[in-house]
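Peer 1: What follows is a single structure, and I will ask about it in a moment.
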Amino acid sequence: MYYVYILYSSKSKNFYFGYTENLKKRFGEHNKGLSKATAPYIPWKLVFYSAFDTIKKAKDFELYLKTGSGKAFAYKRLLNSEALKKDLGRGVPKLGE
């Protein structure tokens with residue numbers, strides 16, 4: 001299986017979209033600072049993931065989520081800002097990044 005995931009940084013108040021074949025390992029790498037793109041914003045919280053049977057489907061969905069309309073879809077349908085607010089004990093995260 002291949003996974004598309006969304007992480008939330010309480011430090012930067014931003015989301016990160018990615019895909020992987022091993023979600024548990026990749027999530028650990030993000031929080032250990034092993035990814036240049038996410039290291040400055042540790043700690044990360046996994047707020048969404050979805051499984052796909054092919055790498056093409058996963059990559060295509062990840063690329064879509066990184067577009068303007070994909071982000072709008074994710075913020076409206078995949079990420080519940082009020083639930084995040086309650087869970088994280090903070091204000092609503094920046095949704096534009």
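Peer 1: Which condition number in (1) at pLDDT 95 or above; (2) within 12 Å of the chain's Cα centre (by Cα); (3) not small (G, A, S) is the one that K56 fails?
Peer 2: Condition (2) is where K56 drops out.
Peer 1: Which of the residues belonging to the stretch 1-20 are basic (K, R) and either closer than 19 Å to G70 by Cβ or buried (at least 16 other Cβ atoms within 10 Å of the Cβ) (or both)?
Peer 2: Of everything in the stretch 1-20, just one residue is basic (K, R) and either closer than 19 Å to G70 by Cβ or buried (at least 16 other Cβ atoms within 10 Å of the Cβ) (or both), namely K13.
Peer 1: What number of residues in the stretch 1-20 are in a loop (DSSP other than H, G, I, E, B) and not aliphatic (A, V, I, L, M)?
Peer 2: 4
Peer 1: For residues that are surrounded by 12 or more Cβ atoms within 10 Å (Cβ to Cβ) and among the hydroxyl-bearing types (S, T, Y), scanning just the stretch 67-84, find the one that is nearest to F17 (Cα to Cα).
Peer 2: For the stretch 67-84, the residue satisfying everything is Y75.
Peer 1: So, one more: So, in the stretch 57-66, exactly how many residues are exposed (fewer than 15 other Cβ atoms within 10 Å of the Cβ) and within 15 Å of E21 (Cβ to Cβ)?
Peer 2: Final tally of qualifying residues: 1.
Peer 1: If you go through the stretch 21-56, how many residues are part of a strand (DSSP E or B) and surrounded by fewer than 18 Cβ atoms within 10 Å (Cβ to Cβ)?
Peer 2: Within the stretch 21-56, residues that are part of a strand (DSSP E or B) and surrounded by fewer than 18 Cβ atoms within 10 Å (Cβ to Cβ) number 7.
Peer 1: Another question, then. For the stretch 22-53: of the residues being of a type in the set (S, T, Y) and farther than 15 Å from M1 by Cβ, which is modelled with the lowest pLDDT?
Peer 2: S35
The values are calculated or read from the model by the stated rules, or taken from the named source; none is laboratory data. Just so it is clear, the model here is predicted, and its values are computed rather than measured. Cβ: placed from backbone, ideal geometry, glycine included. Neighbour counts: every protein chain shown.
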